[in-house]
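Below you'll find the structure, written out as structure tokens, and then a few comments.
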Amino acid sequence: MDLSDRAEHAIQLGDHAKAAAYYRALIKAVPERAVSYSRACREHEAAGQVADAIEMCRLALGKSGVKLEDHARFVRVMLRKHDALTPAEIADVDAVIQRIRAEGGEQGKSIAAAFDCDLGVRSHDPARTRSGIASLEQLKQPAAQIVAYRWALALMEKDAERASEIVAEAKQAGVPQSAIAAMQSALVSPSVQEQLGVAAGGKLASWWSVAAMAALVMAMALVVLRRRGQARQRV
């Protein structure tokens, strides 16, 4: 059994970390091709090894045979990075998103717009999030894909009242109940309210923790956006 067969067998057993190790060994045999880097990235991601996934995905982008799906995977794993994204990392992700938009056809445009929103939320950038939402709306994407970002934007703009209104809109937009429950919990949980410091008039206090908000939003948005995962991998 060669390394590729061993990797596939490990995947069947659910041992993604071992599969990633086999693909990394294959890189030594064909270091100039993207395929083994990409597969190693995929398996590291499945194993929850985000830092290793980022390393392999980044290396794949500079190799022969790289595909747009590799670019989409790079963005996805970067957005899962545990620490805050540095300005250089944000610039790298943005450049890859632009390539997806330019080379991925109509599907690439919608995926790039969603990634713009993801990056806006992840980097606490209301302007980027707003631009991504506008692109999704222009591309006539389903309301359920957009409403989570609109809710995140309301929080970033420190408008708790608007965020509450969007929760009601989410129910009409077909957002999964699990995501709606997460949105409601973020707004009414005593511990979250204490952390957010809701001030009079429904506006969030100025010392509101954007990092905490991003963690809550991303946890909720992943539920809403999971349906797009397969599409992103097929770009």
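The values are calculated or read from the model by the stated rules, or taken from the named source; none is laboratory data. Remember, it's a predicted structure, so these values are computed and weren't measured experimentally. Here the Cβ positions follow ideal geometry from the backbone for every residue, glycine too, while neighbour counts run over all protein chains shown.
When you check residue 111 against the structure, is it surrounded by 15 or more Cβ atoms within 10 Å (Cβ to Cβ), aliphatic (A, V, I, L, M) and touching a residue at least 60 places away in the same chain (Cβ under 8 Å), yes or no? Judged against the criteria, residue 111 is a match. Determine whether residue 179 is out of contact with any Cys (no Cβ under 7 Å at 6 or more places or on another chain), modelled with pLDDT of 85 or more and surrounded by 21 or more Cβ atoms within 10 Å (Cβ to Cβ). It is false that residue 179 is out of contact with any Cys (no Cβ under 7 Å at 6 or more places or on another chain), modelled with pLDDT of 85 or more and surrounded by 21 or more Cβ atoms within 10 Å (Cβ to Cβ). Being surrounded by 23 or more Cβ atoms within 10 Å (Cβ to Cβ) and either touching a strand residue (DSSP E or B) at 6+ places or on another chain (Cβ under 6 Å) or outside the structural domain of residue 58 (by TED's automatic domain parsing) (or both): is that true of residue 102 here? Spelling it out, it is not the case that residue 102 is surrounded by 23 or more Cβ atoms within 10 Å (Cβ to Cβ) and either touching a strand residue (DSSP E or B) at 6+ places or on another chain (Cβ under 6 Å) or outside the structural domain of residue 58 (by TED's automatic domain parsing) (or both).
Quick check: anything in the range 132-142 within 24 Å of residue 69 (Cα to Cα), at pLDDT 90 or above, in contact with an Asp or Glu (Cβ under 7 Å, 6 or more places away or on another chain) and assigned to a helix (DSSP H, G or I)? Looking through the range 132-142, at least one residue is within 24 Å of residue 69 (Cα to Cα), at pLDDT 90 or above, in contact with an Asp or Glu (Cβ under 7 Å, 6 or more places away or on another chain) and assigned to a helix (DSSP H, G or I).
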